[in-house]
Amino acid sequence: MQGTIKNIFPGGNTSRGFYSFYRYILGQDEARRIICIKGGPGTGKSSLMKKVGKYFNEKGYDIEYHHCSSDNNSLDGLVIKGLNVAILDGTSPHVVDPVNPGAVDEILNMGDCWDEEGFKKYRHKIIDINKKVGKTFKRAYKFFGAAKLVYDDWYTYNNEALNINKINLLKENLKESLFTTPASNIGYDRHLFATAFTPNGIITYIENLCSDYKKIYVLKGGPGTGKSSILEFLSSEALRRGHYVEIFHTPLIPEKIEHILIPDLNVAILTSNEINNLDLPGTVIDMKDCLNLSTLEKNKAEMEYDATQFFTLLNKGLATIKEAKALHDELETSFIPNMDFSKVDEVLTKVIKKINGYEDDYLNNR
């Protein structure tokens, strides 16, 4: 029986630059093996991870595909649930190095599959394009940063209209509805992104992540309407009661929460906001009900101006990320001709054989 597939972003292009939650892909204490792949663009890292994932998914294992926010069709990581094995792209900008070499981590060098001599004529081109890619990403982050400043102004107008008493009552009602057990041992959390700013626009995987959840709540509202405050409150409450909580952060402001999932309660608490525009079945909670409408009306013109400027800057940032992806694609043309893909196939076979060995060890010792 084929396992499930979940799609996630372990890192994001944000107003703070590239922001990584790589440490939450698979913890050192629970991991049987973490394989860090080193190698340039076009050396087969993502394709290898996809093939390994497909192989073990067809064997019945649940798979997590951790997508690259700078190319959502490529992978930054793979986790084989049940075996607790991960394969990670350990190259820039998400540099991953072994933490416990041999005991948990190992390095897989795709450079063993290329012709080093063949790179001589591409040397200056590779250095030049890499510089351009770095500058282009920095430019994109400036636009996201400018969008965040406008967002802050927009946030202030909504927040000014917020009825704190109504927000607190909503928090308490949700707490009573969701949690029936008293506080116990502290639970644990995992932090990732469900939504990312990519060359293909704003991509979100939350529908895939909560597809099998029975209870779904959707907090619907714009900046400053109290959504993050409710999510912070409920995630803290869940942790106090010993639950495992999956916390997904917003791509614009990575410190803020976009969604939380509580698997053992079968509960998903999501937000539908100005970035993801979610339209999912579930119990929709309109955050406008917690706002003073006359205060909103007074500031309507300024809020509309902020919204227009915000989306202009956000879309400019997305377009600049797309430019960086085009440069990255050009960079790949210097690597692909110098790759021996028959050696890459041999590496794939060895990796699958190695992980099958972990499977045998797991089945014999559980």
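The values are calculated or read from the model by the stated rules, or taken from the named source; none is laboratory data. No experiment lies behind these values; they were computed from the predicted model shown. Cβ placement follows ideal geometry from the backbone for every residue including glycine, while neighbour counts extend to all protein chains displayed. Only protein heavy atoms, including side chains, enter the accessible area calculation; ligands, DNA and RNA are left aside. Shrake-Rupley method; radii C 1.70, N 1.55, O 1.52, S 1.80 Å.
Over the chain, with a single point scatterer placed on each C-alpha, what log10 of the ratio I(q)/I(0) does the Debye formula yield at q = 0.07 1/Å? Here the Debye-derived log intensity ratios amount to -0.36.
Our helix-only sum for the chain, with -39,500 (n - 2.57) per DSSP H run of n ≥ 4 divided by its residues, gives a mean residue ellipticity at 222 nm of -14000 deg cm²/dmol. Listed by number, the DSSP H helices of the chain that run 27 Å or longer by alpha-carbon position along their axis and have mean Kyte hydropathy of at least -1.0 are 123-160, 300-335, 341-365.
Roughly how many Å² is the accessible area per residue of the chain, as a whole number, for a 1.4 Å probe? Intermediate results must be reported in sequence, preceding the final value.
Working: 17430 Å² over 366 residues.
Result: 48 Å² per residue.
Placing pseudo-labels 7 Å out from each Cα toward the beta carbon at Asn163 and Glu58 gives an inter-label distance of 5.8 nm. Panel note: the C-alpha atoms of the stretch 183-256, placed on their principal axes, show extents of 44, 29, 21 Å (largest first).
The distance separating the Cα centre of the stretch 269-315 from that of the stretch 14-62 comes to 35 Å.
Can you send over the carbon and sulfur percentage of the accessible area for the stretch 163-290, probe radius 1.4 Å, protein chains only?
49
Pairwise inverse Cα distances across the stretch 163-290, averaged and inverted, put the Kirkwood hydrodynamic radius at 14.8 Å. Measuring how big the stretch 1-74 is from its alpha-carbon positions, Rg and Dmax come out at 13.5, 42 Å.
Between the residues Gln2, Phe341, Asn299, the greatest Cα displacement towards the positive end of the dipole of the chain, with unit charges on the Cβ of Lys, Arg, Asp and Glu, is found for Phe341.
In this model, which of Lys148/Lys171; Lys227/Lys316; Lys220/Lys256; Lys220/Lys316; Lys51/Lys121 are farther than 22 Å apart at the alpha-carbon? Pairs exceeding the cut-off: Lys148/Lys171; Lys227/Lys316; Lys220/Lys316; Lys51/Lys121. Rounded to the nearest 0.05, the FRET efficiency derived from the C-beta distance between Asp340 and Arg240 at R0 = 56 Å is 0.55. Along the axis of the charge dipole computed for the chain (Cβ charges of +1 for Lys and Arg, -1 for Asp and Glu, origin at the Cα centre), the listed residues Ser15, Ser235, Thr271 are led at the positive end by Ser15. The fraction of accessible area contributed by carbon and sulfur in the stretch 1-151 is 51 percent, rounded to a whole number (1.4 Å probe; ligands and nucleic acids excluded). In Å, the Kirkwood hydrodynamic radius of the stretch 262-361 over pairs of distinct alpha carbons? The Cα-based Kirkwood calculation yields 20.2 Å.
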